[in-house]
Amino acid sequence: MKKTLAIALIMLVSAAPSRLLAKDATTKIVIEGTDLAKPIEITDRKVGIFNVWEGPGTFSIQPGFNANAPSFIIDWSQGTVAELPQALRKYQVSFYSGEISQRVIYVVYYAVSPDSAQGYVYLPGKSEEWSGLNVRSILRGVEGKWFHAWSTWENIARPLIEKAKAANSTHPA
């Protein structure tokens, strides 16, 4: 009986569409900040490289998989940041998923210094806003900490933020 049940379960799982078993890709990223006149929406193919389901708290059977390699928008290999520089501008970054009905799946805070090329990412910790949503998507075990932003994220996000701020200053509300 147990063997028959196990075989039936294996057949059911293998017959299930892979879409039911996989996490949807990131389809949109929204950056919001008090110095932005309106949120920045990134919806082109670039968003696919910022996969929420990569980094600590994930696993893969792929050869060479390293959960601590730079991914998502964080350079995990540098570890946590003990002390942040002063005078950082902070932005809320929301990640959306779903091809048909997009929904927010993960939210972080991105901070940049006007005097430095290095940005930082904060994963909301227990009892903070967005923590519940985030841990329902993925529990990384490193929530409530600041990290160095991944250079690939910096090269896309920072110019978009600077462009939006420049547009604000030339067209005041």
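The values are calculated or read from the model by the stated rules, or taken from the named source; none is laboratory data. Everything numeric in this text was worked out from a predicted model, so none of it was measured. Cβ placement follows ideal geometry from the backbone for every residue including glycine, while neighbour counts extend to all protein chains displayed. All accessible areas refer to the heavy atoms of the entire protein, side chains included, with ligands and DNA or RNA removed. Shrake-Rupley method; radii C 1.70, N 1.55, O 1.52, S 1.80 Å.
Structure values in brief
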item: Residue ID - surrounded by the fewest Cβ atoms within 10 Å (Cβ to Cβ), chosen from residues in segment 24-57 that are modelled with pLDDT under 85 and charged (D, E, K, R); result: 45
item: Segment 129-146: number of residues that are without any contact (Cβ under 8 Å) to a residue 40 or more places away in the chain and open to solvent by 80 Å² or more (accessible area, probe 1.4 Å); result: 2
item: Matching option when the condition is free of Cβ contacts under 8 Å to residues at least 40 places away in the same chain, assigned to a strand (DSSP E or B) and either β-branched (Val, Ile, Thr) or over 16 Å from residue 53 (Cβ atoms) (or both), among 91, 109; result: 109
item: Test for residue 112: is it at pLDDT 85 or above, in contact with a Gly (Cβ under 6 Å, 6 or more places away or on another chain) and surrounded by 12 or more Cβ atoms within 10 Å (Cβ to Cβ); result: yes
item: Qualifying residue in segment 147-155 (condition: charged (D, E, K, R), open to solvent by less than 50 Å² (accessible area, probe 1.4 Å) and not in a loop (DSSP other than H, G, I, E, B)); result: yes
item: Selection status of residue 121, under 15 Å from residue 47 (Cβ atoms) and modelled with pLDDT of 95 or more; result: no
